[in-house]
Amino acid sequence: MDVLSQDLRVALRRIQRAPALATAIVLTIGLGLGAAAAIFMTSDAALVEPLPYAEPQRLVHLWEVRAGTAERSPTSYPTLLDWRSRAKSFSGLEAYDPTNITVGMGDEARMLRGARVTAGFFRLLGVRISAGRDFLDEDATTGAAVAIVSDRFARSVAGGIALDQTVVINGTSQHIVGVLPHAFHFALLQNADVFVPLIAGEQAREDRSQRSIYVIGRLRDRVPLTAARAEFSAAMSVLASEHPDALAGRTAIAVPLRDALLGNMKPILASLLVAVAILLVIMGANLALLMLTRYIERAPELAMRSALGATRARLLRQLLVESLVPSVLGAALALVVGQMTTRGLLAAIPEGVRIGVPYLTDAGLDGRVIGVIVGVTTVLAVGFGLGPALLITRDRERAGDARATLARGRRRLRRGLVAAQLALTVVLLVSSGLLVVSFSNLVRREVGFRDPEGLVTARAPLSGRRYEEPVAQRQFYEALLARSAALPGVRGAALIDEVPGGGEGITTFEPVDRPRLRSMQPRAALRIVGGEYFATLGIPIVRGRAFEPHDRTDTPPVAVVSASFAKLLGQEGATLGRRLLLAATGQAEWQVVGVVGDAQVAPLDADSPPVVYLSHLQAAENRMMLVLRTELGVASVTNQIRGIVKTLDAGIPVYAVTTLDQQLSDSKAVFIRRFPMMLCGVFAAAALALTLVALYAICMHEVLTRRREFGIRLALGGSPGSIRRLILNDAMLLGATGIGVGGIVATVVSRSLRAVLFGITATDWRVYGVVAAGVLVSAVLATLGPALRAGSVHPSVVMRVE
């Protein structure tokens, strides 16, 4: 203990004498490990942390799929019943139907996420109701007005005692019979708070084209997923032959529930883990260079200690303690940085995206993360502290000779470390560059309407018995539209059932004059609009006309279609005047009276399908969104719209008031590219800074240790310019080597980014060329100072050394 205490005192004195080096080590470990810990914590919560269900590895999610396409869709109620009877590999299949729910009446009404679920939904997941009871089979058959709520909802109701209370849901009184545990979440339902029984109506029990319910299943014991998939595929083939009108050309797929919950977040998290690993390797190489430089400078001191009787073991122990002290400080900093970074990352996730990743809610420091940080710090301290010490103490006699230049082996080691850092930095820079170009392509994509910053949207959904009839729905929205259009500063007012970029509301269709099987009918997006929708959004009328006020229920049904829809119809004849049958509207025949420009109705990163527009005056809808083109701020519009709605019906909530541009910016399609772009960019900038500092340090140290050599060269007729070129050529060679190796590695690593790249390939030569040129120029600039100093060495330095 006395010896250890002495070593600690010496280590602290060393830090006081060379605070810059100690600070560099602490910051390198703290910032590098802190960033790594933040990504590790979020990735662990998503990829590793057990799901809050019983035996989650046996849970799968099922979709219907149109053969030969990547299109996934929910299924119908009769198809679910067939799956239950024919898929013997599953111990149970249950369904859910996401929906928005209006809770409360009057001024207390608010919109929440909810779902209709089959009776055994929670039992299949293995979720135990924390208070009250689960749904019963007879709840659905008898149409019982019961509900199960989340723990979050329960805490907000009547002092936190929600069980056995009655709440108004969608205008109907529902009795709360159960409360879910606090840890429950189901990402595909986002932050759902209210669950009611799934009651299939008469039409839903017969019509297989009403695909609105999602299915999860639990595999039987010792049944592998591959076997279940084979059985499931065979069952779907039989069903397709039995019901060709609805299922011909369709199959189904089953994927692990974790993969379904993560969706396209999984490749993002995996890519970030790769970026963190690269940054850690760069950090380790930089630490090795710092330690090696430190010990080389102390070589004469170590040689004198050895001459005075110190053993090699004694010297190594002292050097190890000296490397452990700043490493421990760096670990403490890493814990702080990791926790702060994690909170910052979670806060940076838009609310609309955060509700879809509930598994990140409780991400933070725990015993495992602390253990990993301490373990990695110990490895770094021992590996990159003791390694250079072994190298220096191996040849103690030569270490004390001031006339000797640095040994060739040590020079190769240092240069190899810098080249490796350059190569890994190139990998991060290429990945960051690809993500930047991808993000730029996405946000600059043509969306088909003008000036989204000037468009303000607000949701005002209708619920309850008062609005069960279509006429009541039309009257409310017509009054809201008229009063909103009269507001000062409003230059256009319209209605739509789904915000552009939302991606919902898909239906199949067929021309009346060319019928085809339902299962083979093409798909299109269906949008219900009102007011001057096309003029308000700036969508041009290509042919025909837009909707007019006289297009009502007492006139023939009409439709307006997008240009891509018209092109699809144009392959079989003219567009205007054609009559369409839409699966979503039954047997009504819609006559096409106009063609408008294409607008982005799907998420920004997806190809937008053809669109058919209907007027809300002919196809009433109770979930309309108000769209205003105005110069007023969002806050002003919110107050005025809420005032108007309150005068019409105080029980209707108004929420999600924002600009259309903000909605697109906060969408998941943008987030899953902006988030990794920002993180990878920070990692790449940090890696480049560390590498350039290391390159500068090694060149400067080489100049200092080779002054005698440079003096001899100058004395023998060499010019200062040749000395400078010698240093710069070395830097160019290091840079070219790192760029070449890094470019090859980047072509492999960047493939993991293909899932989030938009409008660019993973091997785009322009990004690689810009990164290569930038790294090479940066390497030259980093070594310019040492090169100029090398050329200023005077031959008299040789005489002084001798």
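A few comments on the model shown:
- Picking from residues in segment 418-430 that are farther than 13 Å from Ser271 by Cβ and in contact with a Leu (Cβ under 9 Å, 6 or more places away or on another chain), the one that is modelled with the lowest pLDDT is Val418.
- For segment 556-579, a residue qualifies if it is in contact with a Leu (Cβ under 9 Å, 6 or more places away or on another chain) and assigned to a loop (DSSP other than H, G, I, E, B), and the qualifying residues are Pro557, Thr575, Arg578.
Per-residue answers, yes or no, for (1) under 38 Å from the mean Cα position of the chain (by Cα); (2) in a loop (DSSP other than H, G, I, E, B); (3) closer than 28 Å to Ile213 by Cβ:
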| position | (1), (2), (3) |
| --- | --- |
| Val471 | no, no, no |
| Gln475 | no, no, no |
| Glu478 | no, no, no |
| Val499 | yes, yes, yes |
| Glu510 | yes, no, yes |
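- Ala260 meets each of the listed conditions (1) touching a strand residue (DSSP E or B) at 6+ places or on another chain (Cβ under 6 Å); (2) under 15 Å from Trp83 (Cβ atoms); (3) assigned to a helix (DSSP H, G or I) apart from (2).
- Complete set of residues in segment 436-466 that are under 15 Å from Val499 (Cα atoms), buried (at least 16 other Cβ atoms within 10 Å of the Cβ) and not aliphatic (A, V, I, L, M): Gly448, Phe449, Pro452, Gly454, Thr457, Arg459, Pro461
- Selection of segment 666-680 for residues being among the charged types (D, E, K, R) and either farther than 11 Å from Phe758 by Cα or in contact with a strand residue (DSSP E or B) (Cβ under 9 Å, 6 or more places away or on another chain) (or both) yields Asp666, Lys668, Arg674.
- Complete set of residues in segment 46-70 that are at pLDDT below 80, part of a loop (DSSP other than H, G, I, E, B), over 21 Å from the mean Cα position of the chain (by Cα) and on the phi < 0 side of the Ramachandran plot: Ala67, Thr69
- The condition (being among the hydroxyl-bearing types (Ser, Thr, Tyr) and closer than 16 Å to Val10 by Cβ) is satisfied by just one residue among Ser233, Ser323: Ser323.
- Filter result for the condition that a residue is open to solvent by less than 20 Å² (accessible area, probe 1.4 Å) and either under 30 Å from Ala37 (Cα atoms) or not in a helix (DSSP H, G or I) (or both), over Phe683, Phe758: Phe683
- Of all residues in segment 187-203, exactly one satisfies the criterion of being surrounded by fewer than 16 Cβ atoms within 10 Å (Cβ to Cβ) and either hydroxyl-bearing (Ser, Thr, Tyr) or in contact (Cβ under 8 Å) with a residue 40 or more places away in the chain (or both), namely Ile199.
- Segment 91-173 holds strands (runs of 3 or more DSSP E) entirely within its bounds, and those carrying 2 or more residues that are touching a strand residue (DSSP E or B) at 6+ places or on another chain (Cβ under 7 Å) and surrounded by fewer than 17 Cβ atoms within 10 Å (Cβ to Cβ) map to 110-117.
- Of the residues in segment 287-297, at least one is more than 25 Å from Val374 (Cα to Cα), in contact (Cβ under 8 Å) with a residue 12 or more places away in the chain, hydrophobic (A, V, I, L, M, F, W, C) and surrounded by fewer than 23 Cβ atoms within 10 Å (Cβ to Cβ).
- Evaluated against (1) at pLDDT below 90; (2) open to solvent by less than 40 Å² (accessible area, probe 1.4 Å), Gly433 falls short on exactly one condition, (1).
- Being over 18 Å from Arg789 (Cβ atoms), part of a loop (DSSP other than H, G, I, E, B) and of a type in the set (Val, Ile, Thr) is a description that applies to Thr763.
- Qualifying residue in segment 506-516 (condition: closer than 30 Å to Ser665 by Cα and either among the charged types (D, E, K, R) or open to solvent by 40 Å² or more (accessible area, probe 1.4 Å) (or both)): yes
- Filter pass, Ala602 being within 28 Å of Asn264 (Cα to Cα), in a loop (DSSP other than H, G, I, E, B) and out of contact with any Asp or Glu (no Cβ under 9 Å at 6 or more places or on another chain): yes
- When each of Phe547, Phe565 is tested for being aromatic (Phe, Trp, Tyr) and open to solvent by less than 20 Å² (accessible area, probe 1.4 Å), the lone residue that passes is Phe565.
- The set of residues in segment 680-722 that are in contact (Cβ under 8 Å) with a residue 24 or more places away in the chain, of a type in the set (D, E, K, R) and in contact with a Leu (Cβ under 9 Å, 6 or more places away or on another chain) comprises Glu702, Arg706.
- Scanning segment 453-482 for residues that are of a type in the set (D, E, K, R), touching a Ser or Thr at 6+ places or on another chain (Cβ under 8 Å) and more than 17 Å from Glu631 (Cα to Cα) yields one hit, Arg465.
- The single condition from (1) assigned to a helix (DSSP H, G or I); (2) modelled with pLDDT under 75; (3) buried (at least 18 other Cβ atoms within 10 Å of the Cβ) that Val793 fails is (1).
- Of the residues Val775, Val749, Val770, Val745, the single one that is open to solvent by 70 Å² or more (accessible area, probe 1.4 Å), under 28 Å from Val274 (Cα atoms) and assigned to a helix (DSSP H, G or I) is Val770.
- Residue within segment 617-627 that is touching a helix residue (DSSP H, G or I) at 6+ places or on another chain (Cβ under 6 Å), without any contact (Cβ under 8 Å) to a residue 60 or more places away in the chain, buried (at least 22 other Cβ atoms within 10 Å of the Cβ) and farther than 27 Å from Ile349 by Cβ present: no
- Contact annotation: residue pairs with Cβ atoms under 8 Å, 6 or more positions apart or on different chains, pairing a residue in segment 449-472 that is over 22 Å from Tyr655 (Cβ atoms) with a partner that is open to solvent by 20 Å² or more (accessible area, probe 1.4 Å) and of a type in the set (A, V, I, L, M, F, W, C), are Pro470/Ala620; Val471/Ala620.
The values are calculated or read from the model by the stated rules, or taken from the named source; none is laboratory data. This is a predicted model, so every value here is computed, not measured. Virtual Cβ from ideal backbone geometry, glycine too; neighbours counted across all protein chains shown. The area values use the complete protein model at the heavy-atom level, side chains included, leaving out ligands, DNA and RNA. Shrake-Rupley method; radii C 1.70, N 1.55, O 1.52, S 1.80 Å.
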